[in-house]
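First the structure, in the form of structure tokens, and then the observations on it.
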Amino acid sequence: MAKLSMRSSVFKTLVTVLFLGAVVVFVAARTEPQGPGSAIESTQSQTEAQSQNQPQQPEASSHESPYSGMGTVPTKEDMGNLAFAAGFKGKDLPEGSGTAKLGADIFAGRCSMCHGPNAEGVHWDPMAFSPLHGPRLGGGNGVPIFNRPPGRITTLAYSAPSPMVIFDAIAVEMPMFKAGTLKPDQVYSLTAFILFKNGIIKEDDVMNRETLPNVQMPNRNTFPASDDVYMDMSKRGCYQNYGVCLGD
Amino acid sequence: MSSKESSRRVFLKHGATLAAMTAAGIKAASGQGFGEDPKLRTDYVPEDRVPKDHVWRDPWTGEMMRDEEGNLVVDWTGTPQWERYRKNAQEMGKKYGTLEVDSRLYGVRSRYVKTFRRGLDGGSAFGYSGTPTAPSSNKTYFFSLLSPMDSQLGVITPSGLHFADEHAEVPEIDPREHRLTIFGMVDRPITLTMDELMDMPSVSRIHTLECNTNGVTGGLRNLPWATAGHAFGEGSCSEWTGVLMSTLLDAVGVKKEAKWFYASAGDEYNQTWAIPVWKAMDDAMIAYGQNGEPLRPEQGFPIRLLCPGFQGTTNIKRIRRIKFTDDLTLFHRMYEEVRPSGKVTWFRLEMPPQSCILRPSGGQQLTRRGFHEIRGVAWSGAGKITRVEVTVDGGKTWKDAVIQGPVNSKAHTRFAYPWTWNGQDAIIASRCTDEKGSTQPSTAEAANSRDLDLATFKTRNLSRNNIAQPWRIGRDGKVINAIFSV
């Protein structure tokens, strides 16, 4: 690819046009690693490549990789649900929507064996050696405090500073043993269900890429306003004193 | 068969072999017994006599494995031939022929060495951190497989004794099927096979990997019978081989605006962390080797993320996907810590300086007065260890120990201090300083730094507690945990 890119742009365009129609055939036939200069450039967009779910040669860009002949363009499956795991701003959130009502059914089928029918958690029986157990997810009533009195229930929804924490965990890490297999609508619905079970949203509130990031979480104010504190460790006091980060 | 006949046949056969080799233009090996017909050797078993269920099988094809000469790869344990050899060897004397298993293909420890990983997540299987599942006889709850640091000799933890915190069942991943995908805010998203990853420029570095709950779970470090293996069992040090993340950044062309990358496993649980991009530009790596061989399954086979000095959970095992972004989120296990003031400290990354005397240490026994070498290891997530001090009087005075090189950054570093035990009660401890100038605190200093009174500090199991670890040596020579005494 590095060699090709150095040739004239006319030649490049010619090659592109000639091979555009043959890309699918070429890719299907491609089983051996390509040596330097043997890769074919394509103007096909990444989205198209993903929809075919076929490995593609990386697109040429203004800067070439120093490691020629290496790798393929990721397919949709390659990126998995991590593609729509989103930060607090919700930038990468997928299309789709869900409500707690819809989420209740999905929860019963996919989650309740470990988290309990009412999201109260499941604990194992003695000598059962059972992998089916998980923490309480619903019924939270207070944010984490140093000395937690009896009756104060701190669920994930009550400690997470952003609803994205719940969405991302469900999208990428759940359900255990089949992690990352839920569809966007299911993830929105389950997130809504967890939020509803903690009294944070109503049962009919629709969660989507516009509404979800704006849900106000009980513990939101404890998180640093900017992620800059993580950009320079010396600012956090991690290297001073006893090597223990002493808070933000 | 008489010996004369036998040697005559040997001679004839030898001659025939020589003639054949000369005819083929091959120079015969000099001396007797080698380079001859293998059937003349006492150890050789022709292929038709090899018990086929003792031949190693190719993991993919199921075919019997052969070496480059075409010889079958055989574990002879339990075969009639192995037992006959053992019987013959045992006739030479009691100490011979004692190997019950044929350890020639992959070695085993001496039968007199029985160090083992303590913990709940181990045994016949690996369970779940926090909710152990596999059978165990442990009465005190702690969720990890702890490395027996109390018996560690050098700075490298043997791979089979490396600590392991697992959050789901450990899968056996086929490296030919596994991929590493890097996407998000990059110019050239890429999916790499394991072969391609191994074709990239590589490094091999010695680094400590430590859980931020080291010594915390189950209050192990506070228990009177705690050994160094209980106090620091969730820390191990290995030589890691792999591709630096900075190399991969070059390959994908990460965009300037990217501040974080989400690193995600490909297994039953897909553990994921958000990690600052500066760590990828610094020393994070995708490791495929540990201590000279491929990663073990419980260490993330075929590849894992290694963030030297960062807390254990960031070192994603079985890493499958990396997404670059400018938007931070929290994944499971990116915990917060609440202080009495109500202030919340969110996830931390680097581990503080720590050290521990391993000999003499908790559970051990001094058998005589006189010279003892106090020795142990020190490490810090911030860089190299620059100083280690030792006290033999319960913290009243501290003296410099000798640091034994080579000193690796963010890695176990050995120290030694010559000491003469006079047979009296003594409390010994070590404290280290790293290249950023951080020194381990005393109990009082640590409590103060966390806004806690001493009593509360002692009863709460606090993550990243890096107070000096003292050991008390009684008049009887018994060494016990003396936590909080320094």
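The values are calculated or read from the model by the stated rules, or taken from the named source; none is laboratory data. Keep in mind that this is a model prediction, so the values were computed, not measured. Note that each Cβ is placed from the backbone with ideal geometry, even for glycine, and that neighbours are counted across all protein chains shown.
Table for the structure above
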item: Residues of the stretch A:73-82 classified as more than 7 Å from chain B (Cβ to nearest Cβ) and either of a type in the set (A, V, I, L, M) or closer than 16 Å to residue B:267 by Cβ (or both), total; result: 2
item: Test: residue in the stretch B:244-263 that is more than 21 Å from the chain's Cα centre (by Cα), under 30 Å from residue B:148 (Cβ atoms), within 11 Å of chain A (Cβ to nearest Cβ) and modelled with pLDDT under 95; result: no
item: Residue that is aliphatic (A, V, I, L, M) and in contact with a Gly (Cβ under 6 Å, 6 or more places away or on another chain), where the choices are B:316, B:286, B:275; result: B:286
item: Candidates A:222, A:191, filtered to the one that is surrounded by 16 or more Cβ atoms within 10 Å (Cβ to Cβ) and more than 24 Å from residue A:84 (Cβ to Cβ); result: A:222
item: Condition check for residue A:157: within 9 Å of chain B (Cβ to nearest Cβ) and either at pLDDT below 95 or surrounded by 18 or more Cβ atoms within 10 Å (Cβ to Cβ) (or both); result: no
item: Strands (runs of 3 or more DSSP E) within the stretch B:294-409 that include 3 or more residues within 14 Å of another protein chain (Cβ to nearest Cβ); result: B:319-325, B:385-391
item: So residue B:416, is it over 17 Å from residue B:232 (Cβ atoms), crowded, with 19+ Cβ neighbours inside 10 Å and among the aliphatic types (A, V, I, L, M); result: no
item: Looking only at the stretch A:210-224, and only at residues there that are in a helix (DSSP H, G or I) and at pLDDT 95 or above, the one that is farthest from the other protein chains (Cβ to nearest Cβ); result: A:214
item: Single match in A:214, A:208 (criterion: in contact with a strand residue (DSSP E or B) (Cβ under 6 Å, 6 or more places away or on another chain) and within 22 Å of residue B:325 (Cα to Cα)); result: A:208
item: Condition check for residue A:168: surrounded by 15 or more Cβ atoms within 10 Å (Cβ to Cβ), under 25 Å from residue A:78 (Cβ atoms) and more than 10 Å from every other protein chain (Cβ to nearest Cβ); result: no
item: Qualifying residue in the stretch A:225-246 (condition: part of a loop (DSSP other than H, G, I, E, B), aliphatic (A, V, I, L, M) and in the same structural domain as residue A:97 (by TED's automatic domain parsing)); result: no
item: In the stretch B:279-289, the residues that are buried (at least 20 other Cβ atoms within 10 Å of the Cβ) and either out of contact with any Phe, Trp or Tyr (no Cβ under 6 Å at 6 or more places or on another chain) or part of a helix (DSSP H, G or I) (or both); result: B:279, B:280, B:284, B:285, B:286, B:288
item: Residue that is nearest to the chain's Cα centre (by Cα) [pool: residues in the stretch B:194-212 that are away from chain A (no Cβ under 14 Å) and within 20 Å of residue B:348 (Cα to Cα)]; result: B:209
item: Of residues in the stretch B:427-438 being at pLDDT 95 or above and surrounded by fewer than 21 Cβ atoms within 10 Å (Cβ to Cβ), the one farthest from residue B:355 (Cα to Cα); result: B:427
item: Residue under evaluation residue A:92, criteria (1) part of a loop (DSSP other than H, G, I, E, B); (2) of a type outside the set (S, T, N, Q); (3) touching a residue at least 40 places away in the same chain (Cβ under 8 Å), criterion not met; result: (3)
item: Selection count where residues are out of contact with any Pro (no Cβ under 8 Å at 6 or more places or on another chain) and at the interface with another protein chain (Cβ under 7 Å from one of its Cβ atoms), scope the stretch A:143-154; result: 2
item: Selection within the stretch B:58-96 - assigned to a loop (DSSP other than H, G, I, E, B), closer than 18 Å to residue B:44 by Cβ and aromatic (Phe, Trp, Tyr); result: B:76
item: Pick from the stretch A:116-142, criterion under 21 Å from residue A:165 (Cβ atoms) and among the charged types (D, E, K, R), ranking: farthest from the other protein chains (Cβ to nearest Cβ); result: A:120
item: Subset of the stretch A:174-204 (residues that are within 13 Å of chain B (Cβ to nearest Cβ) and aromatic (Phe, Trp, Tyr)); result: A:177
item: Test: residue in the stretch B:153-169 that is closer than 19 Å to residue B:264 by Cβ, surrounded by fewer than 19 Cβ atoms within 10 Å (Cβ to Cβ) and modelled with pLDDT of 75 or more; result: yes
item: Residue under evaluation residue A:113, criteria (1) farther than 18 Å from residue A:188 by Cα; (2) at the interface with chain B (Cβ under 9 Å from one of its Cβ atoms); (3) not acidic (Asp, Glu), criterion not met; result: (2)
item: Tally, over the stretch B:153-193, of residues that are in contact (Cβ under 8 Å) with a residue 24 or more places away in the chain and within 12 Å of another protein chain (Cβ to nearest Cβ); result: 18
